[in-house]
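Quick notes on the structure that follows.
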Amino acid sequence: MAKLFDLPVSFASSTMLLQGILLGFSLSFLVGPLLFAVVEAGISQGFRAGLSVASGIWFSDILFVSTILWSVETLAAVTAIQGFRTWVGILGGLLLIAFGLGSLFLKSKVKDGAEHKVEKRSYLSWWLRGFLLNLINPGTIFFWLGIVSAVVVPNNWTREQSMVFFAGMLGMLILTDTLKAWAAKRVRKFLTPHHARQIQKVIGMVLLVFGSVLIFRAIFILI
């Protein structure tokens, strides 16, 4: 079977783009702390807040992909430093726990009737939440390195060809994350203040669990 780089450029590029789109679509079904962060923001403060968290995640993903495309050797060398996984895992776990505690103890202001008003955060703070959650996460770093090792390297893709693949992948993730933020806002309209607060508490506890597991893995498994 001919390799992709032996095919006409337009067909090969379309194939790479399709592969990226399909992989991005598959990843959109994964359940993890990033999904809960987007949903929490959408339910707490609406579509723009959810989109702000998601855009912070996208920005950090783009940073990782750019670093891999232009200096994969440097990134691989950094991740190979003794204790890197452990300390990044601990920092990422502590960050998740901090955000989880914030969700558990965030004060909600409820007026008479069914109106639900939460103390609003700036969209920048929501953006930073998504950015940091994804950035200080060892799983994210090794995920992107794994994609390069499993997909890009075996196909002998050039940097330009890899960019087409990652563009399709990131484009699909952006689309599905946007839909998740929109869906969270739609659900928000049907929630009573009590229900919204309970969901926020559940998400806070989920983040605490993810953070604790990440720290446990970093200390007792990755050493």
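The values are calculated or read from the model by the stated rules, or taken from the named source; none is laboratory data. Bear in mind that the values here come from a model prediction, so they are computed numbers and not experimental data. Virtual Cβ from ideal backbone geometry, glycine too; neighbours counted across all protein chains shown.
Condition test on G130, is it small (G, A, S), closer than 30 Å to F216 by Cα and crowded, with 17+ Cβ neighbours inside 10 Å?
In short, yes.
From the list G171, G204, G211, G146, pick out the single residue that is part of a helix (DSSP H, G or I), within 29 Å of S14 (Cβ to Cβ) and in contact (Cβ under 8 Å) with a residue 12 or more places away in the chain.
From the options G171, G204, G211, G146, the qualifying one is G171.
Any chance you could count how many residues in segment 174-201 are among the hydrophobic types (A, V, I, L, M, F, W, C), assigned to a helix (DSSP H, G or I) and either under 30 Å from F84 (Cβ atoms) or over 19 Å from the mean Cα position of the chain (by Cα) (or both)?
Qualifying residue count, segment 174-201: 4.
So, in segment 29-59, of the ones that are over 22 Å from L208 (Cβ atoms) and modelled with pLDDT of 80 or more, which residue ends up surrounded by the fewest Cβ atoms within 10 Å (Cβ to Cβ)?
Result: R48.
Does S103 satisfy the criteria of being at pLDDT 75 or above, in contact with an Asp or Glu (Cβ under 9 Å, 6 or more places away or on another chain) and of a type in the set (S, T, Y)?
In short, no.
May I ask you to list the residues in segment 147-206 that are surrounded by 15 or more Cβ atoms within 10 Å (Cβ to Cβ) and either among the acidic types (D, E) or on the phi > 0 side of the Ramachandran plot (or both)?
Of everything in segment 147-206, just one residue is surrounded by 15 or more Cβ atoms within 10 Å (Cβ to Cβ) and either among the acidic types (D, E) or on the phi > 0 side of the Ramachandran plot (or both), namely D177.
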